[in-house]
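Nothing in this text is a laboratory measurement; each read-out follows from the coordinates by a stated rule. Every value quoted in this text rests on a predicted model; they were computed, and no experiment measured them. Cβ sites come from the backbone with ideal geometry, for glycine too, and all protein chains shown count toward neighbours.
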Amino acid sequence: MTVTGLVPVASETFEPPGPRDFDLPPVFGDSILFAKPALLLVLSAIVVLGFFLVTTRRMAMVPSKTQFAGEQAYGFVRNSIARDIIGTKDFLKFVPWLVATFFFILLNNLFGIIPFIQFPSFSRVSFAYGLAALVWLLYNGLGVYKHGFFGYLKHVTVPNGVTGPILVLIIPLEFFSTVIVRPATLALRLFANMFAGHLLLILFTLGGEYLLLESSNVGYKAVGVVAFLLAVAISFLELLVQFLQAYVFTLLTAMYIQGALAEEH
Amino acid sequence: MDGNLNMIGYGLAAIGPGIGIGLIFAAYISGVARQPEARSTLQAIAILGFALAEALAIIGIALAFVL
C-alpha cells in the first residue's frame, strides 16, 4: 500500500513497507492535529475515561459485573505495580497517575491489532516523547520537592557508600543515566516496540497479498497463504508485547518515583 | 538490492542485549522454580534488569536510524 493509505495501489514490483507507511494523512482538513494517530489518542482518552466512569457509577457493597471489571483493572495496577514498587507508605498518591498511564498506553497499543483501527498510536515517536517528558517532570519534580534541589542532585548522582576519587567517574555517569538516558529509553522502548511490531504486521500482510495475488507461480501463492497465517500468529505475539510494554512503562514510572522518594540510608 | 549497512550493524549490536535478556529471564525462571513464593519480588527485579539490558538495544536502534 502506498503512502496515502487510501487506495491500495497495485504495482508491478513489491514495495517493502518502511517508515513512510507511518506518515498518515489528515482524516479531514489539512492540520496534522486531525491525522489518524492524534485522533486515536483522543479516542483512547475518551474510552478509558468512559470505562472507569461507567464501572464506578453505581458502587455497591456487592459489586455488579461492570464494577467488578473496573475494580479488577484498577486493583491490578494498584497492587501489583504501585504498592509493590513504591511501598505501602505513600503509594496511594500515585495510583491515579499510574492507572491512567497504564490503561492509556494499553489501549493505544491495542489499537494496533483492533480491526479497522490497526494503528498503534505510539508508533509515532513524538507521542512517546511527550509521555516520557511528563514522567521525567514528575519524578524529578518529586525528588526536588522532597530533598531540595542540591539534595536531590546529590541523591541522584552519588550512590550510597561511594567515596574518594571514583566519584569523578560516578557523578557524570549517574547524572547522564538518570537525567538523559532514563526518559529517552522510556520513550524509545515504547516507540520501538510498537513501530517494529506494526512494521512486521504490514510486511507479512502486504507480502502475503503480493505473493498470493500478483505472482503467477503456484509455489509463491502457497507461501503467500503461509505469510497470512504467520501474520495472524504475529498478531497474538503483538498482543503480548503490547500488554508488556504498557506494564513495563508503568512499572518503570513507579520505580523512578520510588527512587526519587527514597530516603538516604 | 539496496538497503542500509546500519541495519546490519544494528543486528549485530542486538546480539548483546539478546543474550543479556535471555540470561536475566533464565535466572528469574530458575529463581521462581526454586522458591515460588518469591515470585512477586523477583518479577520486579527481573523486569528492571530486562529494561536496563533492553536500553542498549534501544540506543542501538535509535543510532541505527540517526547515524
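Dipole check for the protein assembly as shown: with +1 at the C-beta of Lys and Arg, -1 at the C-beta of Asp and Glu, and the Cα centre as origin, the magnitude is about 1060 Debye. Basic side chains Lys and Arg get +1 at the Cβ, acidic Asp and Glu get -1 at the Cβ, and with that the dipole of region A:87-242 about its Cα centre reaches some 500 debye. Relative to the dominant Cα principal axis of chain A, helix A:218-261 is inclined by about 10°. The GNM of chain A, with springs linking C-alpha atoms under 10 angstrom apart, assigns the highest mean-square fluctuation among A:L98, A:L49, A:L213 to A:L213. Relative to the longest principal axis of the Cα atoms of chain B, the long axis of helix B:39-66 lies at roughly 0 degrees. Amide H contacts of A:A35: A:V27, each under 5 Å away and 5 or more positions distant or on a separate chain (H built 1.01 Å from N in the peptide plane; Pro and chain starts excluded). Taking all Cα pairs closer than 8 Å and separated by 6 or more residues, the relative contact order of chain B comes to 50 percent.
Can you give the Kirkwood hydrodynamic radius for the protein assembly as shown, in Å, rounded to one decimal and based on Cα pairs?
So the Kirkwood estimate lands at 22.5 Å.
For chain B, a Kirkwood hydrodynamic radius built from all Cα pairs, placed in the Stokes-Einstein relation at 20 °C and 1.002 mPa s, yields a translational diffusion coefficient of 161 µm²/s.
Rounded to whole numbers, the Karplus 3J(HN,Hα) couplings from phi for region A:103-118 are 6, 5, 5, 4, 5, 4, 5, 5, 3, x, 10, 6, x, 6, 9, 6 Hz, using 6.51 cos²θ - 1.76 cosθ + 1.60 with θ = phi - 60°, and x at Gly and Pro.
Measuring gaps between exposed loop sites in chain A (chymotrypsin sites (Phe, Trp or Tyr not before Pro); DSSP loop; at most 10 other Cβ atoms within 10 Å), the longest gap, sites not included, is A:117-265. Taking the C-alpha atoms only, the angle from helix A:182-209 to the longest principal axis of chain A is near 10 degrees. Using C-alpha pairs below 8 Å separated by at least 6 residues, the relative contact order for region A:198-265 is 26 percent. Close Lys pairs in region A:19-261 (alpha-carbon distance under 29 Å; sequence gap of 8 or more, or different chains): 6.
For chain A, the longest piece that avoids every one of the trypsin sites (Lys or Arg not before Pro) found in DSSP loops with at most 14 other C-beta atoms within 10 Å covers A:90-265.
Candidates A:F150, A:I170, A:V95 compared by Cα position along the dipole of region A:69-180: farthest toward the positive end lies A:F150, with charges placed on Cβ. Sequence-distant contacts, meaning Cα pairs under 8 Å at least 6 residues apart, place the relative contact order of region A:19-261 at 23 percent.
Each of A:L199, A:L261, A:V248 was placed along the dipole of region A:182-265 (beta-carbon charges, centred on the mean Cα), and the one lying farthest toward the positive end is A:L199.
Coupling constants for region A:123-135 follow from the phi torsions by the Karplus curve (6.51 cos²θ - 1.76 cosθ + 1.60, θ = phi - 60°), and in residue order they are 7, 9, 5, 5, 5, 5, 4, x, 5, 5, 5, 4, 5 Hz; glycine and proline get x.
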